[in-house]
Amino acid sequence: MADYSSTNLVRQVEATKDITRFRTADYCDAFEVRLPASDTEEPATWVLRGLTNTPVLVAWIARLFGRDEEPDTSSQDVVAGWRIVQSTPDLVELERTLPLMHVRAVGRKIGTSGRLFTSVLHYRRPILARAVWMVVGPGHRRMSKRLVAGTPSLETYGGRVRATELRRTVAADYADEFTLRLPESGSWTAETWARTMLGDAPDLAERLIWRSFLGFTLISSPGRHHVAGWPIVEASVNRVQLANSSGRMTGGFVITTAEMSVTLRTEASYESHSGRVIWSALSPIHRMLAPGLLRSAYRHLSSTRPS
């Protein structure tokens, strides 16, 4: 899979190619990237990968005002709620109808190494849709840049935090990984990383999310056998695994270290429908915060390293 991580290669351009076909659009934007190497992926591949692996904030917020108009999911032309209008080696066009707006997404191949991603909105409830889009729009544009550049990745301190939403496995309904590439060799153990990121004992925000929302039992006091209230189920120099369970879901963190990197993996298995609903709402926040945990931990550990 291609991963041209830096969104610095992406620029916002005038949406002239596709807006001519959607002249009545209420909103339209377009982002273009010139990749450093020949692009071997068809637009359908990178667009669908981005739309299914990246939280679509407009859809999530729009559902607060009513249900998505579900397409016929038995059709092979529907992927993750998006209907494929057309797909060729050089173009893919998708559409989705939400309570507040109708959304079209168009991905194009430009020459041998260029990509163009266009989003077109038609408001169904104009006043409310405009108000929602004022909030959602900036996040949408950031995600569009990541999508066209090779979803998902984020530049970070001294290297990159590479985020990968993993395929569903037998053991987990949800999994993601964030890897921080270190600018120098680190000597810290996986448990040290875990304690620096999450804390020895759960703070107020962690208790609210993990105990109140997800129903996990947390150990409130610091101890050698748990991190931030989570029991340690496996520990070695380069790997530590935390696990917890409730009637809503079973969750776990796995922190692994290598000579020049550290990885934070999160897994979740749903024990009830409410667990799936709650984590679907919380997981975008988790993915937003995880890179910062790695960056902050590295800054703290570097600052306390003996000179």
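Checked against the criteria, E271 counts as surrounded by fewer than 20 Cβ atoms within 10 Å (Cβ to Cβ) and of a type in the set (D, E).
Of all residues in the range 105-125, those satisfying the criterion of being touching a strand residue (DSSP E or B) at 6+ places or on another chain (Cβ under 9 Å) and over 17 Å from V13 (Cα atoms) are H122, Y123, R124, R125. Of the residues making up the range 189-212, those that are of a type in the set (A, V, I, L, M, F, W, C) and either surrounded by fewer than 17 Cβ atoms within 10 Å (Cβ to Cβ) or within 17 Å of T266 (Cα to Cα) (or both) are A190, W193, A194, M197, L198, L204, A205, L208, I209, W210.
In the range 201-225, the qualifying residues are those that are hydrophobic (A, V, I, L, M, F, W, C) and either outside any helix (DSSP H, G or I) or not assigned by TED's automatic domain parsing to the domain that holds L282 (or both), and the one that is nearest to W279 (Cα to Cα) is L214.
Looking only at the range 270-283, which residues are out of contact with any helix residue (DSSP H, G or I) (no Cβ under 7 Å at 6 or more places or on another chain) and assigned to a helix (DSSP H, G or I)? Let's see the steps before the verdict.
Going through the range 270-283, the residues out of contact with any helix residue (DSSP H, G or I) (no Cβ under 7 Å at 6 or more places or on another chain) turn out to be 271-277, 279-281, 283.
Matches in the range 270-283: H273, S274, G275, R276, V277, W279, S280, A281, S283.
Of all residues in the range 226-255 being of a type in the set (D, E, K, R) and part of a strand (DSSP E or B), which is farthest from the chain's Cα centre (by Cα)? Within the range 226-255, the match that is farthest from the chain's Cα centre (by Cα) is E234. If T45 passes every condition in (1) within 30 Å of I278 (Cβ to Cβ); (2) at pLDDT below 85; (3) surrounded by fewer than 17 Cβ atoms within 10 Å (Cβ to Cβ) but one, which one does it miss? Failed condition: (1). Listed by position, the strands (runs of 3 or more DSSP E) inside the range 67-179 whose residues that are at pLDDT below 90 number at least 2 are 82-88, 91-97, 101-110, 153-156, 159-165. Annotation note: Cβ proximity below 8 Å between a residue of the range 30-46 that is among the β-branched types (V, I, T) and a residue that is at pLDDT 85 or above and not in a loop (DSSP other than H, G, I, E, B) (sequence gap 6+ or interchain) occurs for V33/V10; V33/R11; V33/G114; V33/R115; V33/V148. Being surrounded by fewer than 17 Cβ atoms within 10 Å (Cβ to Cβ), modelled with pLDDT of 80 or more and either in the same structural domain as L128 (by TED's automatic domain parsing) or outside any strand (DSSP E or B) (or both) is not true of T52.
For the condition over 14 Å from A172 (Cα atoms), under 20 Å from the mean Cα position of the chain (by Cα) and assigned by TED's automatic domain parsing to the domain that holds S212, what is the one hit in A258, A290? Outline the logic, then answer.
Numbers: A258 fails: under 20 Å from the mean Cα position of the chain (by Cα).
Answer to the selection: A290.
For (1) within 25 Å of T179 (Cβ to Cβ); (2) of a type outside the set (A, V, I, L, M), each residue gets a yes or a no:
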| site | (1), (2) |
| --- | --- |
| P222 | no, yes |
| H226 | yes, yes |
| P231 | yes, yes |
| A235 | yes, no |
| E259 | yes, yes |
| H273 | no, yes |
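The values are calculated or read from the model by the stated rules, or taken from the named source; none is laboratory data. From a predicted model like this one, the values you see are computed outputs, not experimental measurements. All Cβ positions, even for glycine, are placed from backbone atoms using ideal geometry, and neighbour counts span all protein chains on display.
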